[in-house]
Amino acid sequence: MVGESVKMKTSCSERIFNVCNIIILTALSLVILVPLLNIVFASFSDPVVVMKYQGLMLRPHGFTLSSYRAVLRDPNIFSGYRNTIFIVIAGTSLNLLLTLIGAYVLSRKNVLWNPFLMMMIVFTMYFQGGMIPFYLTVRATGLDGTIWSLILPVAVNTFNLIVMRTAMASVPDSLCESAMIDGASHTRILFNIMAPLCQSTVAVIVLFYAVTHWNSWFNAMIFLRDKKLYPLQLILREILIQDDTTMMTAGSGEDLGMISGTIKYATIVVATAPILCIYPFLQRYFVKGVMIGAVKG
Amino acid sequence: MNCRCIILRQFKELMLLQESFWQKVKKDFRINRELYLLFIPVLLFYIIFQYGPMFGLSIAFKNYTPARGFFRSPWVGLKHFKNFFSDYYFARVLTNTVRISILTLIFTFPMPIILALLISELKGKRFSRSVQTITYLPHFISVVVVCGIIVQLTSSSGAITKFLGHFGFPQATMLNNPHLFLPIYIISGIWQTIGWNSIIYLSALTSIDGELYEAATIDGAGRFRQLVSITLPCLSGTIVIMLILAVGKMFNVGYEKILLLYNPLTYEVSEVISTYVYRKGLLEFNWSYSAAVGLFNSVVSFALVYLTNKLSKKLSGSSLW
């Protein structure tokens, strides 16, 4: 009797807890989604309605593609996309190449200078020259003003290098030794044995590098002067933060003040939609990356 | 006779040792030549772009001008540091940096832990999967776009401003109000990171042995008791590591986000050391002065990581190195 009533009580409080939990998490999901949905709906809505609307939009009000037309007419958005895609592809390839090489060399045993090199590299994780000396160094190399200033100065990320090195160090030595006996060079072992064996780590660090390149804007802001070279994020900064929509509203014939509001919403959608569309498919790699970083870092 | 013999032998051994070191270097280079050749590009990267700026820090002790260049600028000792410490802005940027990072630690840091605990209590797989997918979403939006969204929603005609208008808030651009800058910064920070940062705690939670909970249930421990006596102690290692990392980043508080969100009207609460370095150095061209401020920043933040690490080693046994 007593035992039964205790069981009843716990299961009852348990049920209340579960319901509350679901309510809290649903509310949190809504809080995260609503600002994003508001942007999407506003971008499709009639600019006049958006101007006057009170509060967060939960559905489109009126339907028009005029703001999207204005955004796609902007040559800067196009050149921004083009530059960003170039930076992501070229930058990530170089990142991957150097990270693989560095990780492979540093993961070899019986290399006299490795402990020293490793120490020097880890030190840079905790102490850095900082913004101004970095800027002056890049300027001294003559890279500033070119798109390479966004690629070469960030060619290796120490954290990713260490993650990669740990993965390679855990590959059994015997594999490399037997390849050595068969006469394979280190270069061959690295690209034909190591890289395929560490596939999942390679996938993770490629994603990390690519996302970093995609998101970065600060280096572009301080190093680039020619607007034709600007990556997408810097163009977005001009439109969204510095409030410069002249390129889009010019010659549109529509009421400029009205449309510039919805243009910004449409710009956000155009710049973010591609990433958010691929993200659900890549989510598990990212999650894996967080774990790898956590265990090894 | 005997004595001389021993000295001679020791001398010989010493010679051998030295010789063997150089021999070792030579032999090592002969065997590993290909590895060293491969490593050259990586080494060059570290020398130029990581150690280059570190040696470039010496301009903090010089009067650097681009015309005179790096080597011919005159040494001025600690002048720039003295100027900074007696600067009117010194107290302001230091307080702002500490205030923003401590508020971030208090409000932003615990949120992912709470979220992970709530998600792990869910029974339905599909519901928990969709909560995770939704809460991870903001992590994939670039900082420029996040700030763009914030600017749009909190502008004088923005959705949030209008929504708060129902409760009597003034209909003005919220980011121009120094009292609202910090709440906007912190709340949007929670929005950005709550989901993504919970991953690590979720994985720590799934690795807790289920038998512990079974045993506790048999002993009559309720849910709350299990949380306090099993879950939190098992999570503490992860929490401490994340805390050390967060403290280490304290003096580099998301300056990208602040640069995008602040404006002269809110400098009094929003200007932190790193944005001050940017403004003084890259906008006003006080190279040496801003390098000195940056060096101060790096040293303090290095000291902080070192101290928290030492402290946590002593208190809980978990540490970074």
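Of the candidates B:S203, B:S207, B:S188, the single residue that is within 11 Å of chain A (Cβ to nearest Cβ) and exposed (fewer than 14 other Cβ atoms within 10 Å of the Cβ) is B:S207.
Consider A:F63 against the criteria (1) at pLDDT below 90; (2) part of a helix (DSSP H, G or I); (3) of a type outside the set (S, T, N, Q): it satisfies all of them except one. Which criterion is unmet? Every condition holds for A:F63 apart from (2). Of all residues in region B:183-197, at least one satisfies being among the small types (G, A, S), touching a residue at least 24 places away in the same chain (Cβ under 8 Å), part of a loop (DSSP other than H, G, I, E, B) and closer than 30 Å to A:M291 by Cβ. Among the residues of region B:20-69, those identified as part of a helix (DSSP H, G or I), within 9 Å of chain A (Cβ to nearest Cβ) and of a type in the set (F, W, Y) are B:F29, B:Y36, B:F39, B:F45, B:Y46, B:F49, B:Y51, B:F55.
Does region A:44-62 contain any residue that is more than 8 Å from chain B (Cβ to nearest Cβ) and of a type in the set (K, R)? Yes, region A:44-62 contains at least one residue that is more than 8 Å from chain B (Cβ to nearest Cβ) and of a type in the set (K, R). Residues of region B:220-269 that are over 17 Å from the mean Cα position of the chain (by Cα), within 13 Å of chain A (Cβ to nearest Cβ) and small (G, A, S): B:G220, B:A221, B:G222, B:G237.
For B:S86, state whether it is small (G, A, S) and within 26 Å of the chain's Cα centre (by Cα). It is false that B:S86 is small (G, A, S) and within 26 Å of the chain's Cα centre (by Cα).
Among residues belonging to region A:125-146 that are at pLDDT 90 or above and surrounded by fewer than 20 Cβ atoms within 10 Å (Cβ to Cβ), point out the one that is nearest to B:I40 (Cα to Cα). Checked region A:125-146; the qualifying residue nearest to B:I40 (Cα to Cα) is A:T141. The set of residues from region A:114-173 being of a type in the set (S, T, N, Q) and either in contact with a strand residue (DSSP E or B) (Cβ under 6 Å, 6 or more places away or on another chain) or within 12 Å of another protein chain (Cβ to nearest Cβ) (or both) comprises A:N114, A:T124, A:Q128, A:T137, A:T141, A:S149, A:N157, A:T158. Those helices (runs of 4 or more DSSP H) of region B:231-321 in which at least 3 residues are out of contact with any Pro (no Cβ under 6 Å at 6 or more places or on another chain), crowded, with 18+ Cβ neighbours inside 10 Å and assigned by TED's automatic domain parsing to the domain that holds B:S203, considering only elements entirely within it, cover B:232-248, B:255-261, B:273-278, B:287-316.
Only residues that are free of Cβ contacts under 8 Å to residues at least 60 places away in the same chain and part of a helix (DSSP H, G or I) were counted in region A:166-188, giving 10.
If you check A:L161, A:L112 for being assigned by TED's automatic domain parsing to the domain that holds A:I205 and either basic (K, R) or in contact (Cβ under 8 Å) with a residue 12 or more places away in the chain (or both), only one passes: A:L161. Residues in region B:96-112 that are surrounded by 14 or more Cβ atoms within 10 Å (Cβ to Cβ) and more than 14 Å from every other protein chain (Cβ to nearest Cβ): B:N96, B:T97, B:V98, B:R99, B:I100, B:S101, B:L103, B:T104, B:L105, B:F107, B:T108, B:F109. Scoring A:T84 on the criteria (1) surrounded by fewer than 19 Cβ atoms within 10 Å (Cβ to Cβ); (2) within 13 Å of chain B (Cβ to nearest Cβ); (3) touching a helix residue (DSSP H, G or I) at 6+ places or on another chain (Cβ under 6 Å) leaves a single failure, condition (1). For the residues B:A60, B:A67, B:A91, the requirement of being modelled with pLDDT of 90 or more and either in contact with a strand residue (DSSP E or B) (Cβ under 9 Å, 6 or more places away or on another chain) or surrounded by fewer than 12 Cβ atoms within 10 Å (Cβ to Cβ) (or both) singles out B:A91.
Listed by first and then second residue, the pairs linking a residue in region B:129-150 that is surrounded by fewer than 21 Cβ atoms within 10 Å (Cβ to Cβ) to a residue that is of a type in the set (D, E, K, R), with Cβ atoms under 7 Å apart and 6 or more places separating them unless they lie on different chains, are B:V143/B:E256; B:V143/B:K257.
Taking B:L43, is it of a type in the set (A, V, I, L, M, F, W, C), at pLDDT 95 or above and outside the structural domain of B:G294 (by TED's automatic domain parsing)? So B:L43 passes the test.
The values are calculated or read from the model by the stated rules, or taken from the named source; none is laboratory data. Everything quoted here is computed from the prediction, not taken from an experiment. Cβ atoms come from the backbone with ideal geometry, glycine included; neighbour counts cover every protein chain shown.
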